[in-house]
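The values are calculated or read from the model by the stated rules, or taken from the named source; none is laboratory data. Nothing here was measured: the structure is a model prediction, and the numbers come from that model. Positions of Cβ are generated from backbone atoms using ideal geometry, with glycine treated the same way; all protein chains shown enter the neighbour counts. Heavy atoms of the whole protein, side chains included, go into the accessibility calculation; ligands, DNA and RNA do not. Shrake-Rupley method; radii C 1.70, N 1.55, O 1.52, S 1.80 Å.
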Amino acid sequence: MNAAVRAVVRKGIYHDMEVYGIYHGYAGLIAGHIEKLELGSVGDIIHRGGTKLYTARCPEFKTVEGRKKGIEQLKKHGIEGLVVIGGDGSYMGAKKLTEEGFPCIGVPGTIDNDIPGTDLTIGFDTALNTVIDSIDKIRDTATSHERTYVIEVMGRHAGDIALWAGLAGGAETILIPEADFDMDDVITRLDRGHERGKKHSIIIVAEGVGSGVEIGKQIEEKTSFETRVSVLGHIQRGGSPTAADRVLASRLGAYAVELLIQGKGGRCVGIQSNKLVDHDILEILDHKHTIDHAMYQLSQELSI
Ligand code: F6P
């Protein structure tokens, strides 16, 4: 997120705007944690994970009263437009603010890659590389001990992290919420691999499918394979952003400011076929992000 915050501040000031940072997300907006930012406010953060503005989940902002307090704070500080960087929760808040008359621009920032209207979300590539690094490390011990490993990854209800990391990591099986699976098929694939001499197997499970620990238990019960489970958890949410994420965040953050300069509000930005795009925030959120089923089929073919 920091690269996007930096781009919004620098682009805005470049175009003679005053830019304010709202700390702790919508909770901070309601509380008035708002500070004017200067060029130097966002120095030396492009390489740092997380967000210098902090963030927080805010149930109060789901209420009309909460959003009214937020809009009052924006007006009190003379703020005329709001760039919201975040995932589906942040987007829902931006959609409501738009409906209540405050111009917002949504910038897709979540490791889940589950925001409609964009091929990629900020943070997804960095999380992917963290998972792939973990798969490669686990593969070393899996090979040495000739074990089967279940690796559970984040993604809330989306399977993108599991699919992309599983394909890149050469996983034998990838379980995602967007594709039904049968445990017997999983076992058959493991047996088939073992018969052709595979010394280990790696199964990637998206958290939206269920518990990696439970799936590991079932595998060990149904096969003779010694099985271990790694739940990667919140390490997927940190680390220095990859070059791809820094560039994506810079492009999307700056484009959000361009839309505000054009007097536009109620939009959300994205990247589609490497082109910057923007969509009506009230309309796009009715669409559902979909998994690339051709990629899922490919992952199954390449791991026979
Ligand atoms: O939406 C991003 C995400 O990391 C999901 O992948 C995960 O399920 C969730 O947030 C975890 O939420 P929290 O940080 O509140 O435990």
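Mind listing whichever residues of the range 220-262 are at pLDDT below 95 and open to solvent by less than 70 Å² (accessible area, probe 1.4 Å)?
Within the range 220-262, T223, F225 qualify.
Conditions tested, residue by residue: (1) among the small types (G, A, S); (2) touching a His at 6+ places or on another chain (Cβ under 8 Å).
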{"position": "V107", "(1), (2)": "no, no"}
{"position": "L120", "(1), (2)": "no, no"}
{"position": "D136", "(1), (2)": "no, no"}
{"position": "H145", "(1), (2)": "no, yes"}
{"position": "G159", "(1), (2)": "yes, no"}
{"position": "A171", "(1), (2)": "yes, no"}
{"position": "L175", "(1), (2)": "no, no"}
{"position": "V186", "(1), (2)": "no, no"}
{"position": "L190", "(1), (2)": "no, no"}
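I'm trying to understand the selection: among the residues of the range 117-135, which are away from the ligand (no atom under 16 Å from the Cβ) and under 22 Å from K288 (Cβ atoms)?
Residues satisfying the conditions are G117, D119.
Considering only the range 102-156, how many residues are more than 18 Å from the chain's Cα centre (by Cα), without any contact (Cβ under 8 Å) to a residue 60 or more places away in the chain and crowded, with 24+ Cβ neighbours inside 10 Å?
0
Please determine, by comparing only the residues of the range 58-78 that are among the charged types (D, E, K, R) and within 15 Å of P103 (Cβ to Cβ), which one is least open to solvent (accessible area, probe 1.4 Å).
For the range 58-78, the residue satisfying everything is R67.
Could you grab me the full set of residues in the range 136-169 that are in contact with a Lys or Arg (Cβ under 8 Å, 6 or more places away or on another chain) and either part of a loop (DSSP other than H, G, I, E, B) or within 16 Å of the ligand (Cβ to nearest atom) (or both)?
Across the range 136-169, the qualifying residues are E146, R147, M154.
Taking the range 270-304 as the region of interest, how many residues are assigned to a helix (DSSP H, G or I) and exposed (fewer than 13 other Cβ atoms within 10 Å of the Cβ)? Break it down into steps so the answer makes sense when it comes.
Initially, the range 270-304 is screened for residues assigned to a helix (DSSP H, G or I), giving 281-284, 293-302.
Now restrict to residues that are exposed (fewer than 13 other Cβ atoms within 10 Å of the Cβ): 293-294, 297, 301-302.
Count: 5.
Residues of the range 95-121 being part of a loop (DSSP other than H, G, I, E, B) and touching a Ser or Thr at 6+ places or on another chain (Cβ under 8 Å), which ones?
T110, I111, D112, N113, D114, I115, D119, T121
Could you run through the range 33-45 and say how many residues are open to solvent by 50 Å² or more (accessible area, probe 1.4 Å) and not in a helix (DSSP H, G or I)? Working first, answer last.
To start, the set of residues in the range 33-45 that are open to solvent by 50 Å² or more (accessible area, probe 1.4 Å) comprises 33, 35-36, 38-40, 44.
Applying the additional criterion that residues be not in a helix (DSSP H, G or I) yields 33, 35-36, 38, 44.
Selection size over the range 33-45: 5.
Please verify whether G263 is assigned to a loop (DSSP other than H, G, I, E, B) and within 16 Å of the ligand (Cβ to nearest atom), treating the condition exactly as stated.
No, not satisfied.
Okay, residues lined up against (1) in contact (Cβ under 8 Å) with a residue 24 or more places away in the chain; (2) within 16 Å of the ligand (Cβ to nearest atom); (3) outside any strand (DSSP E or B):
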| position | (1), (2), (3) |
| --- | --- |
| V205 | yes, yes, no |
| G208 | yes, yes, yes |
| F225 | yes, no, yes |
| R246 | yes, no, yes |
| G253 | yes, no, yes |
| C268 | yes, no, no |
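Could you tell me which residue of the range 46-91 is farthest from G117 (Cα to Cα), considering only residues that are part of a helix (DSSP H, G or I) and within 13 Å of the ligand (Cβ to nearest atom)?
The selected residue is P59.
Just need a number here: residues in the range 171-200 that are open to solvent by 40 Å² or more (accessible area, probe 1.4 Å) and not charged (D, E, K, R).
5
For the range 275-299, give me each residue that is polar (S, T, N, Q) and touching a residue at least 24 places away in the same chain (Cβ under 8 Å).
Of everything in the range 275-299, those that are polar (S, T, N, Q) and touching a residue at least 24 places away in the same chain (Cβ under 8 Å) turn out to be T290, S299.
Of (1) within 16 Å of the ligand (Cβ to nearest atom); (2) open to solvent by 20 Å² or more (accessible area, probe 1.4 Å), G212 satisfies all except one. Which?
Just one mismatch for G212, condition (2).
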